[in-house]
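Enquirer: The structure that follows is given in the form of structure tokens.
The values are calculated or read from the model by the stated rules, or taken from the named source; none is laboratory data. Because the structure is a prediction, the values reported are computed rather than measured. When we count neighbours, we look across all protein chains shown, and the Cβ atoms used for this are built from the backbone with ideal geometry, even at glycine. Calculation scope for accessible area: heavy atoms of the full protein, side chains included, ligands and nucleic acids excluded. Shrake-Rupley method; radii C 1.70, N 1.55, O 1.52, S 1.80 Å.
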Amino acid sequence: MHHFLPNGQGLEIRKATVEDAPAMLAYFRQLTNETDFLLFTLREASELSIESEKDFIHSFRDDKKDLLLVAVSAGQLVGSITIKQPDLWKQAHLGQLGIGVLHPYWNMGIGRRLVTAGLRWAEQHKDMEIVHLSVFSNNERAIQLYRNFGFMEYGRMPQGVRQKDGAYGDTILMCKRIKNL
């Protein structure tokens, strides 16, 4: 899918390939350096390698039940979305969403476009009925994005995440039914 950003740059959203491994690694390390809204820390991201990124991409490419899309602008990987289906039959109707966008590309509609693409894929998935996610309670922009797509809060994990400064924050659990019973 090709789009145009407010800054005039083009944006391509596509499935990740193994050739994206070096860019994925650089993107993820930059992402963990820019925001504290991810579970990974910069130290943990620095321990990843191109080989581990290749394995990560392969885990999606070899498995039709999961999705990994990347957003590329001006030759740079600037965002990504994953939707993973559990291996257990009793939870095969679920898909867990994860998303990230580099800070210089916030407020350009990339997150909205990634969620749109991810939900379209999930709606076509033969088993998936519910997409769910967790989000830090202080990530108000992401919470609003998810609400705009019809995600509803269904729970909270008090002190579900420890921030860099040692303070604790809640994790909000959200879900969206994409197929009727």
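Enquirer: Part of a loop (DSSP other than H, G, I, E, B), open to solvent by 50 Å² or more (accessible area, probe 1.4 Å) and without any contact (Cβ under 8 Å) to a residue 24 or more places away in the chain: does that describe Lys126?
Expert: Numbers: part of a loop (DSSP other than H, G, I, E, B): yes; open to solvent by 50 Å² or more (accessible area, probe 1.4 Å): yes; without any contact (Cβ under 8 Å) to a residue 24 or more places away in the chain: yes.
So Lys126 passes the test.
Enquirer: Given the conditions (1) buried (at least 19 other Cβ atoms within 10 Å of the Cβ); (2) free of Cβ contacts under 8 Å to residues at least 40 places away in the same chain; (3) part of a strand (DSSP E or B), which single one is not true for Gly100?
Expert: With respect to (1) buried (at least 19 other Cβ atoms within 10 Å of the Cβ); (2) free of Cβ contacts under 8 Å to residues at least 40 places away in the same chain; (3) part of a strand (DSSP E or B), Gly100 is out only on (2).
Enquirer: Next question, about the same structure. Which residue, of Thr82, Thr41, is β-branched (Val, Ile, Thr) and either touching a residue at least 60 places away in the same chain (Cβ under 8 Å) or in contact with a Lys or Arg (Cβ under 6 Å, 6 or more places away or on another chain) (or both)?
Expert: Values: Thr82 fails: either touching a residue at least 60 places away in the same chain (Cβ under 8 Å) or in contact with a Lys or Arg (Cβ under 6 Å, 6 or more places away or on another chain) (or both).
Being β-branched (Val, Ile, Thr) and either touching a residue at least 60 places away in the same chain (Cβ under 8 Å) or in contact with a Lys or Arg (Cβ under 6 Å, 6 or more places away or on another chain) (or both) holds for just one of Thr82, Thr41, which is Thr41.
Enquirer: Within region 149-180, track down each residue that is without any contact (Cβ under 8 Å) to a residue 24 or more places away in the chain, open to solvent by 50 Å² or more (accessible area, probe 1.4 Å) and of a type outside the set (D, E, K, R).
Expert: Going residue by residue through region 149-180, those that are without any contact (Cβ under 8 Å) to a residue 24 or more places away in the chain are 153-159, 162, 165-168, 180.
Then keep just the ones that are open to solvent by 50 Å² or more (accessible area, probe 1.4 Å); that gives 153-154, 156-159, 162, 165, 168, 180.
Within region 149-180, Tyr154, Met157, Pro158, Gln159, Tyr168, Asn180 qualify.
Enquirer: Something else: Given the criteria open to solvent by less than 20 Å² (accessible area, probe 1.4 Å), in contact with a Gly (Cβ under 9 Å, 6 or more places away or on another chain) and either under 20 Å from Met108 (Cβ atoms) or not acidic (Asp, Glu) (or both), does Leu77 qualify? Show your work before the answer.
Expert: On the way: open to solvent by less than 20 Å² (accessible area, probe 1.4 Å): yes; in contact with a Gly (Cβ under 9 Å, 6 or more places away or on another chain): no; either under 20 Å from Met108 (Cβ atoms) or not acidic (Asp, Glu) (or both): yes.
Against the criterion (open to solvent by less than 20 Å² (accessible area, probe 1.4 Å), in contact with a Gly (Cβ under 9 Å, 6 or more places away or on another chain) and either under 20 Å from Met108 (Cβ atoms) or not acidic (Asp, Glu) (or both)), Leu77 does not qualify.
Enquirer: Could you say which residue among Arg113, Arg120 is at pLDDT 95 or above and either crowded, with 20+ Cβ neighbours inside 10 Å or of a type in the set (Asp, Glu) (or both)? Quick ask: steps written out before the conclusion?
Expert: Values: Arg120 fails: either crowded, with 20+ Cβ neighbours inside 10 Å or of a type in the set (Asp, Glu) (or both).
Of the residues listed, the single one that is at pLDDT 95 or above and either crowded, with 20+ Cβ neighbours inside 10 Å or of a type in the set (Asp, Glu) (or both) is Arg113.
Enquirer: I would also like to ask the following. So how many residues does region 142-166 have that are farther than 16 Å from Leu97 by Cβ and outside any loop (DSSP other than H, G, I, E, B)?
Expert: The qualifying residues number 7.
Enquirer: Identify, by number, the condition in (1) within 21 Å of Ser134 (Cβ to Cβ); (2) open to solvent by 30 Å² or more (accessible area, probe 1.4 Å); (3) free of Cβ contacts under 8 Å to residues at least 40 places away in the same chain that Lys65 doesn't meet.
Expert: (3)
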